[in-house]
1. Looking at Lys62, Lys45 in this structure, which one is surrounded by fewer than 15 Cβ atoms within 10 Å (Cβ to Cβ) and of a type outside the set (Phe, Trp, Tyr)?
2. Restricting attention to the range 10-42, which residues are surrounded by fewer than 17 Cβ atoms within 10 Å (Cβ to Cβ) and under 16 Å from the mean Cα position of the chain (by Cα)?
3. Somewhere in the range 1-19, is a residue part of a loop (DSSP other than H, G, I, E, B) and either modelled with pLDDT of 95 or more or acidic (Asp, Glu) (or both)?
4. So Ile91 passes all but one of these: (1) of a type in the set (A, V, I, L, M); (2) assigned by TED's automatic domain parsing to the domain that holds Tyr42; (3) surrounded by 15 or more Cβ atoms within 10 Å (Cβ to Cβ); (4) more than 18 Å from the chain's Cα centre (by Cα). Which condition number does it fail?
5. Scan (1) of a type in the set (S, T, N, Q); (2) in a loop (DSSP other than H, G, I, E, B); (3) out of contact with any Pro (no Cβ under 7 Å at 6 or more places or on another chain) for the single condition Asn32 breaks and write down its number.
6. I need the full set of residues from the range 109-122 which are crowded, with 16+ Cβ neighbours inside 10 Å and either modelled with pLDDT under 95 or more than 20 Å from Phe38 (Cα to Cα) (or both), in order please.
7. So Ala71 fits all but one of (1) within 28 Å of Phe31 (Cβ to Cβ); (2) outside the structural domain of Tyr42 (by TED's automatic domain parsing); (3) of a type in the set (Gly, Ala, Ser); what number is the exception?
8. Test of understanding: among Arg48, Arg77, Arg116, which residue is within 15 Å of the chain's Cα centre (by Cα) and more than 30 Å from Leu16 (Cβ to Cβ)?
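The values are calculated or read from the model by the stated rules, or taken from the named source; none is laboratory data. Bear in mind the structure is a predicted one, so any value in this text is a computation, not a measurement. Methodologically, a virtual Cβ is constructed for each residue, glycine included, from the backbone with ideal geometry; neighbour enumeration extends over all protein chains shown.
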Amino acid sequence: MKALLHLARESINEELDQQTTVILEPYQKQFNQIRSVFITLYKNKTLRGCIGQLESQNPLFKNVYDMSKKAAFADPRFDPVTLQEVSQILIEISILSPLKTIQTIDEIELGTHGLRLHVSDRSSVFLPQVAIEQRWKKKELLEQLSKKAGIQKEGWKKGTIDIFTTEKIEE
């Protein structure tokens, strides 16, 4: 799985360098299963970018390649990663399980499950580690998920909640 971290870094460097081309074939053979990912970038232990997808029809290697570039250069919350700082960036890859719609919030295990909230035309997502990092209890997690979706803090009660787990690989 460390090869996926190498692919993620190569992908970012390819975008910065413009003269390097990542050869995807070796990754294709090993990581061809259909899996969704989130790529999270940190600089000095602070979030520097995070992009991913919950559902995908693309193989794992392609998603790591694409989402690494998006996390580094297309997260609207941050300026694009620069050549000067790329060596200070640490990469974390979260490989997602398929989504499962829950019937009751009792099914949510903090720190184990990531959540997607869908209410009307709004949605938001938190990876499993967010609740632990923020020290949120379940109700606060759901309120923050609602806030992130741009709805009232109790808005989660009117929506659909999907859970998922992740396999995390980090530098």
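1. Numbers: Lys62 fails: surrounded by fewer than 15 Cβ atoms within 10 Å (Cβ to Cβ).
Result: Lys45 is the single residue among Lys62, Lys45 that is surrounded by fewer than 15 Cβ atoms within 10 Å (Cβ to Cβ) and of a type outside the set (Phe, Trp, Tyr).
2. Correct list: Ile34 only.
3. Keep residues of the range 1-19 that are part of a loop (DSSP other than H, G, I, E, B), which gives 1, 18-19.
Next cut, either modelled with pLDDT of 95 or more or acidic (Asp, Glu) (or both) only: none.
No, every residue in the range 1-19 fails to be part of a loop (DSSP other than H, G, I, E, B) and either modelled with pLDDT of 95 or more or acidic (Asp, Glu) (or both).
4. (4)
5. Of the numbered conditions (1) of a type in the set (S, T, N, Q); (2) in a loop (DSSP other than H, G, I, E, B); (3) out of contact with any Pro (no Cβ under 7 Å at 6 or more places or on another chain), the odd one out for Asn32 is (3).
6. Val119
7. (2)
8. Numbers: Arg48 fails: more than 30 Å from Leu16 (Cβ to Cβ); Arg77 fails: more than 30 Å from Leu16 (Cβ to Cβ).
The conditions single out Arg116.
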